[in-house]
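Read through the structure below, which is laid out as structure tokens, and then see the notes.
The values are calculated or read from the model by the stated rules, or taken from the named source; none is laboratory data. Here the structure is a predicted model, which is why all the values come from computation and not from measurement. Heads up, the Cβs are rebuilt from the backbone with ideal geometry, glycines too, and the neighbour counts pull from every protein chain shown. These area figures cover heavy atoms from the full protein model, side chains too; ligands, DNA and RNA do not enter into them. Shrake-Rupley method; radii C 1.70, N 1.55, O 1.52, S 1.80 Å.
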Amino acid sequence: MRNQSKPAVEAAFLNVQSAAQYMGISVNTLYVWRHRRQGPPSFRMGPGGRVMYRRDALDAWLSEQEQADSRSNPALNPLNKAPQQRDRRRAA
């Protein structure tokens, strides 16, 4: 039997299955995001046109998503802002 230890160098490019596993989401979610052009950047590689993802692009995209979420980014949390005064107008 072969020893199936983890390779010393991680792959720079991931196919759809590996990218989905890396991100902890389903393959179908990646396909839907790709179809809607809203997920991480991908490209086709080789004569068969396999969809591939760069590992560093996945990390950058995940970081962008984290920064855009008000739960992860205190600057976007509405509870950290001073309350706004409402303009009190009298009904005429």
Check your understanding: How do LEU79, LEU14 stack up against each other in accessible area, from largest to smallest, with a 1.4 angstrom probe?
Key -> LEU79, LEU14
Check your understanding: Nearest 20 debye, what's the magnitude of the dipole of segment 30-92 about its Cα centre given +1 on Lys and Arg Cβ and -1 on Asp and Glu Cβ?
Key -> 420
Review point. Based on the Cβ-Cβ distance of TYR22 and ALA75, what FRET efficiency does E = 1/(1 + (r/R0)^6) give at R0 = 22 Å, to the nearest 0.05?
Key: 0.20
